[in-house]
Every structure is written in C-alpha cells, then in structure tokens.
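Read through the structure below, which is laid out as structure tokens, and then see the notes.
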Amino acid sequence: MGRKDAGTSKVPIDQYRKQIGKQDYKKTKTVLKATRLKAEAKKTAPGIRDVTLIIIAVLILVLVVYAFFFLNLTTEVDLDLDPDEN
C-alpha cells in the first residue's frame, strides 16, 4: 500500500514542470507544422520570376513568328520606276 500512496502524491513542482513541457511540445509541434506547410507551399507555388520568364518567352516567340511572316509576305515596291515612263 505504500507504493500506491507514493505514486499518487506528486510534488507540485514536478506537476507544473510536466504541464509546461506538454505546452511547449504542443507549441513547437504546431510551429513546426506551420513552418513545414509554408516551406511546401513555397516549393510547389510558381514564383513571380518563373511566371515572368514564361510570359517573356511567349512574347519573343510571337514576335519572331510575326517578323518571319511580315518579312516573307511583304511585296517590294520599286519606287525608282515611274509608271508613265513605259
């Protein structure tokens, strides 16, 4: 019976320390979880730099295609010849 009494009577300081330890564990666990979620979101989300580079690449491609068609489909007009001379 001495054993049961010894187990139930705890020193208040030990109980206080145990409660603080539980609270600190809960805080660090939530903080760690929030930090992990933030890091994962940062990894998976495209950055503004990536989006800007993609937009610039598409614009350059459109300009190159436009320039190709503009240069190949334009007809040259010879301004030196006067239609009345012939």
Simple spin-label model, 7 Å along Cα-to-Cβ: Val11 to Phe69 in nm? 8.6 nm
Give the ranking of Arg49, Arg36 by solvent-accessible surface, highest area first, calculated with a 1.4 Å probe. Arg49, Arg36
For Ile48 paired with Gln19, estimate the spin-label separation in nm (one decimal), with each label point 7 Å from Cα along the Cα-to-Cβ line. 4.7 nm
Report the net charge of residues surrounding Tyr16, where surrounding means a beta-carbon distance below 12 angstrom and charges are Lys +1, Arg +1, Asp -1, Glu -1. +3
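The values are calculated or read from the model by the stated rules, or taken from the named source; none is laboratory data. Note that the structure is predicted; figures quoted are calculated from it, not measured. Cβ sites come from the backbone with ideal geometry, for glycine too, and all protein chains shown count toward neighbours. Just the protein is used for accessible areas: all its heavy atoms, side chains included, with ligands, DNA and RNA removed. Shrake-Rupley method; radii C 1.70, N 1.55, O 1.52, S 1.80 Å.
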